[in-house]
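One structure below.
The values are calculated or read from the model by the stated rules, or taken from the named source; none is laboratory data. From a predicted model like this one, the values you see are computed outputs, not experimental measurements. Every residue, glycine among them, receives a Cβ derived from its backbone with ideal geometry; neighbour counts consider all protein chains shown. Surface accessibility is based on the protein's heavy atoms, side chains included, excluding ligands, DNA and RNA. Shrake-Rupley method; radii C 1.70, N 1.55, O 1.52, S 1.80 Å.
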Amino acid sequence: MTRVGIGYDSHRFVTGRPLVLGGVTIPHPKGLAGHSDADAVAHALTDAILGAAGAGNIGELFPDTDPHWQDADSMELLRTAHELVQGRGLTLAQADCSVITEQPRLGPYVAAMSAALATRLGVDPSAISVKAKTNEGMGFIGKGEGLAVIAVAVLEAR
Ligand code: MG
């Protein structure tokens, strides 16, 4: 049995916070606003994994109204979501993530993000693809107001 899920996330850029994507802290004058550490790669992939299992979504599992998740390590939320689907007899076989942002240019960091995500999920780095692209200057991403991530996850029976 193979199951596929999609996840999407976006966050607004703000000053005064570190930029954390895929568990990697990236040098940049701005970080992302959010209740947790606002790691949009971890969030999108978490939703993709949950979606593939029909296990709800990140907001249901880790509500931002719950102070327990204030400044949470989103990579830990990701690991927890994967554990949940593993409890349902599924495991992550493959994932693909596209990070869409005008700045910073993320090409130099995608391998580190892939490695960090794979380590936290207990899978081989070759199973986790992370890609970076711009939005060609269009819309909220093009104006540098924020960034967005799209992720797809493939789960297989354990
Ligand atoms: Mg988010």
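Here are some notes:
- Folded to 0 to 90 degrees: helix 40-53 orientation relative to the chain principal axis, Cα: 30
- Remark on H11: its backbone amide H falls under 5 Å from those of L147, a criterion applied only to residues 5 or more positions apart or on other chains, H modelled at 1.01 Å from N.
- Solvent exposure, largest accessible area first (probe 1.4 Å, DNA, RNA and ligands not counted), of T2, T46, T65, T80: T65, T2, T80, T46
- Hz values of 3J(HN,Hα) by residue in the range 136-145 - Karplus curve (6.51, -1.76, 1.60), Gly and Pro given as x: 6, x, 8, x, 5, 6, x, 7, x, 6
- With Cα atoms defining each centre, the range 24-60 and the range 104-131 are spaced 14 Å apart in the structure.
- Over the range 46-86: Kirkwood hydrodynamic radius from C-alpha pairwise inverse distances, Å: 10.3
- Total charge dipole magnitude, the range 2-157, about the Cα centre, Cβ charges on Lys, Arg, Asp, Glu only, Debye to nearest 20: 380
- Radius of gyration over Kirkwood radius for the chain, both on Cα atoms: the Rg/Rh ratio is 0.96.
- Residues Y8, Y109, ordered by accessible area of protein heavy atoms at a 1.4 angstrom probe radius and largest first, appear as Y8, Y109.
- Sequence-separation-based contact order of the chain, relative, with Cα cut under 8 Å and 6+ spacing, percent: 33
- Karplus 3J(HN,Hα) series, Hz, for the range 122-127 with 6.51 cos²θ - 1.76 cosθ + 1.60 (x for Gly, Pro): x, 10, 6, x, 5, 7
- Summarising the label geometry, the points placed 7 Å from Cα in the beta-carbon direction at T2 and T119 lie 3.0 nm from one another.
- Accessible area of the range 2-157 belonging to carbon and sulfur atoms, whole % at 1.4 Å probe: 53
- Around the amide H of A132, modelled in the peptide plane, lie the amide H atoms of V99, all under 5 Å away and 5 or more residues distant in sequence or on another chain.
- Excluding ligands, DNA and RNA, the accessible surface per residue across the chain is 46 Å² with a 1.4 Å probe.
- The chain, helix-only ellipticity at 222 nm - DSSP H runs n ≥ 4, -39,500 (n - 2.57), divided by all residues, nearest 500: -8500 deg cm²/dmol
- Of the trypsin sites (Lys or Arg not before Pro) found in the range 14-103, those in coil by DSSP whose Cβ has at most 14 other Cβ atoms within 10 Å are R88.
- Vicinal HN-Hα couplings computed from phi for the range 3-9 (Karplus, 6.51 cos²θ - 1.76 cosθ + 1.60; Hz; Gly/Pro x): 10, 10, x, 10, x, 9, 8
- For Q94, the residues whose amide H sits under 5 Å from its own are V154, ignoring neighbours fewer than 5 places away on the same chain, with H placed 1.01 Å from N.
- Fraction of beta bridges assigned by DSSP in the chain that are antiparallel (%, nearest 5): 80
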